[in-house]
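Below you'll find the structure, written out as C-alpha cells, and then a few comments.
Read-outs throughout are calculated quantities, based only on the coordinates presented, and are distinct from any laboratory measurement. Quantities reported herein were computed from a predicted structural model and do not represent experimental measurements. Glycine gets a Cβ as well: all are built from the backbone with ideal geometry, and neighbour counts include every protein chain shown.
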Amino acid sequence: MNMASMQMGQPKIPVPNAPGSKAPMLHTLELTPFVDPLPLPTIVRPTLRNGRRTVTVSMQEIHAKVHRDVPPTRMWSYGSSTLAPLIEARSGEAIDIEWINTLPAKHFLPIDHSLHGCGTNIPEVRTAVHVHGAKTRSKDDGYPEDWFPSGKSRTCHYPLEQEAATLWYHDHAMGLNRLNTYAGLFGMFLIRDQVEDSLHLPSDKHEIPLLLYDRDFTADGQLFYDTSGDPEHPWIPEFSADGLLVNGKIRPYLEVEPRLYRFRILNVANSRFFNLTLTSNHSFTQIGSDQGLLAASVKTPRLSLAPAERADVLIDFSQLAGETLHLRTAAEDLLRLRVAKQSPSTAPGFSIPKTIRPIERIPESAATNTRTITLHEYKDKYARSMVMLLNRKHWHEPVTEMPKLNSTEIWEFVNLTEDTHPMHMHLVRFQILDRRSFDTTDYLLNKKLRFTADAIPPDANELGWKDTVQCPESVITRVIVRFEGFPGKYLYHCHILEHEANDMMRPFEVVA
Ligand code: C2O
Ligand code: CU
Ligand code: CU
C-alpha cells in the first residue's frame, strides 16, 4: 500500500500490525541484573466495620522505581506502591471490598476508541474490578460494562464459599483492561482453609508471592505500550515486552534460607507465557494450581504459565546452602535466589506431602450438555490480525450460552488459529478432560471433524481444579464444569488481554 492512495480519500485499509513509531527505548538487558531486592506485598486482612468484614482498596497513580538505575516510572496501582496489597481471607468468611477509583481523569496509554465500548462519549478512565477465580454474584464480579470512573467507588461482596486457592484481582473495564492492567492494576488474593492449615506448609517469610510480567520502557523509564501505527485503530494483537519484572522490579534477587519454601506464582502479563525452570536442573514440587491444592504433589523441572494461570510450588533449598540459583523463563533470568550458608533457626523437619487434598474427578457421564466453542482469528490481506472471535460472534451479540444452575457441561474449545489461547471462565472451576489434535482445514473448508491423533490426558499438574486452560493451536481442548453458585450473567474469554479486547470474549448466562 502506498501513502498516496491513503491520502486520496479512498477507503482506508487498516494497518493493525505495523510497528508504532517507537520512542528511544530502554534496553533492560543492559541494566545490571540482581541489584534490587524482591519486593514483597503488604498483607491486608479484612477488618470488622459495621459488623462486616471489610477491605478498602484505592486505585491510584504512583511513581515507582522498577530498577536501581532507572528513574521512577509512572504507574497505576491498587495501593501506594507498585505491588498492590495481597488480600488474605478465609474460606467461608464472606468479605466486602470497597474499591475506590482515585485515578486521574486522563489515561496515559494509547486508547483504541474504535473498540467496542470504548467510544469518546464516555469517561476516559474507567475501572471494573474482577477477582479472578472468585465465586461471586454477577453484580459483584466486575462485569466489563459495569465500570465506574475516576472519583467513584464500588463495594462488592465476596462470599468465599470456596476452597483455599491463589486468586488475583485485576481490572476488567470494557476495551481498557489491557491498558489498565499494563499500567499496574493487579494484585494477589489468597483464600486459606483448614485443609491447607493442616498441611503445615512453609508460611510467613517462607511463603513468597511471585507476580511475573513484562513491560516495555522508554529510555527515560516510562511505560511504553506499542500501537499498530494506524491512529484510528491503535490496537495490537499481542506482544512480548523487553523488560521482565517480578513483583515490580526488573530481575531482582531474593535471599533465602537453606530450607523448604513455598512460592505462589502468578502470570499477570498481558500476553506473555512464562516457561519456568531453575538453573542446575533443580525442580519444583507443584502442590496447587489455579483453583487450589492438587490431589497429589508433582515434581517437575519446568512450569508453563499462560497469562492468568497460577502455580503453588515448593522449592527445597536445604541442600543448597551458600549457592546461587536463578528462576528463568526460556533463556532469560527472572530472579536470583541466593541461599544463605546457614539457617538462622533450626527449621522443623518437613517432608513434602504426597497426597494433599482429595479431588474427585467428574465423570464425563455427569455432563448433560456439550458446547462447542470455536476460536477464530481473522487476518487482512497482509496477514495482519484484525479481530479474534469465539463462535464467530462479537461480545455485544446476544447471549448464546445459557447453562442451567447446578448442571454439568462439557465445553470443548476448538482452536482454529495458530496460537495457544488461555481460555478462562468466570464464576466456575473446571477440570480438564483432554486435548486432541484435528485437521483445521477439513474443519473449516469441508465442515468435517477429522482427528489427527489420540486424545491426550492433562498433565499431572493440570489434574486439579482450574479456571484458565491452555488451548493449543489445531487442538480441541475439553473441560468439564459444574455451574455452581449463582444464576446471572458472566463471561468467558481468552486471557491474552489483547485478544480479549478485540473480541475474544463472550457472555454466558447461568439460568435458574
Ligand atoms: Cu482474569 Cu475475565 O479475568
Ligand atoms: Cu476471571
Ligand atoms: Cu487468545
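Structure notes:
- Part-to-part distance (alpha-carbon centres) for region 163-217 and region 425-493, which is given in Å: 24
- Summed side-chain charge close to MET504 - residues other than MET504 whose Cβ falls under 13 Å, Lys, Arg +1, Asp, Glu -1: -2
- For the chain, alpha-carbon Rg over 2.2 N^0.38 Å: 0.96
- Contact order relative to length of region 297-429, as percent, for alpha carbon pairs under 8 angstrom and 6 or more apart: 20
- Cβ-defined net charge surrounding ASP442, 10 Å radius [Lys, Arg +1; Asp, Glu -1]: +2
- Estimated dipole of the chain in Debye, rounded to 20 [Cβ of Lys and Arg +1, of Asp and Glu -1, Cα centre]: 480
- Percent antiparallel among DSSP beta bridges (both partners in the chain, rounded to 5): 75
- Two-site label geometry, ASN391 and GLU207: point separation in nm, points 7 Å out along Cα→Cβ: 3.9
- With the convex hull drawn over the C-alpha atoms of region 458-506, the volume per residue is 111 Å³.
- Anisotropy class of region 35-181 from Cα gyration tensor, a/c 1.5 cut: oblate
- Proportion of all alpha-carbon pairs of region 152-194 beyond 15 Å (%): 57
- Between THR279, TRP99, PRO110, the Cα set farthest toward the positive side of the dipole of the chain (charges on each charged residue's Cβ, about the Cα centre) is that of TRP99.
- Along region 437-453 the Karplus relation, 6.51 cos²θ - 1.76 cosθ + 1.60 evaluated at θ = phi - 60°, assigns HN-Hα couplings of 6, 9, 8, 6, 5, 4, 5, 7, 8, 10, 6, 10, 8, 10, 6, 10, 7 Hz to successive residues, with x for each Gly and Pro.
- Over the chain, Cα pairs under 8 Å with separation of 6+ residues give a relative contact order of 15 percent.
- Modelled label positions at GLU255 and HIS27, each set 7 Å beyond Cα in the direction of Cβ, lie 3.3 nm from each other.
- Legend: calculated FRET efficiency, GLU145 to ALA512, from the Cβ-Cβ distance at R0 = 25 Å, rounded to 0.05, equals 0.70.
- Of the cross-linked pairs LYS152/LYS489; LYS139/LYS379; LYS135/LYS447; LYS65/LYS139, those separated by over 30 Å at the C-alpha level are LYS139/LYS379; LYS135/LYS447; LYS65/LYS139.
- Mean separation of Cα contacts under 8 Å, 6 or more apart, over the residue count of region 125-202: relative contact order %: 34
- Whether region 241-333 is rounded, prolate or oblate, judged on the alpha carbon gyration tensor where a/c under 1.5 counts as rounded: oblate
- For region 25-112: rounded, prolate or oblate by the Cα gyration tensor [a/c cutoff 1.5]: oblate
- Neighbourhood charge, 11 Å Cβ-Cβ cut-off, centred on LYS139 and excluding it, Lys, Arg +1 and Asp, Glu -1: 0
- P(r) tail for region 160-236: Cα pairs beyond 14 Å make up 75% of the total.
- Dipole magnitude for region 414-500: about 440 debye, using +1 per Lys or Arg Cβ and -1 per Asp or Glu Cβ, origin at the Cα centre.
- When the inverse distances between all different Cα atoms of region 193-293 are averaged and flipped, the Kirkwood radius reads 16.6 angstrom.
- Considering only MET188, TRP235, SER138, and ranking their Cα positions along the charge dipole of region 137-252 that arises from unit charges at the beta-carbon of Lys, Arg, Asp and Glu, the one farthest toward the positive end is MET188.
- The chain - mean residue ellipticity at 222 nm from DSSP helices (-39,500 (n - 2.57) per run, n ≥ 4, rounded to 500): -1000 deg cm²/dmol
- Ranked ARG45, ARG262, criterion: other C-beta atoms within 10 Å, fewest first: ARG45, ARG262
- Net lengthening on full extension, THR120/SER153 (0.36 nm per residue, minus Cα-Cα): 9.7 nm
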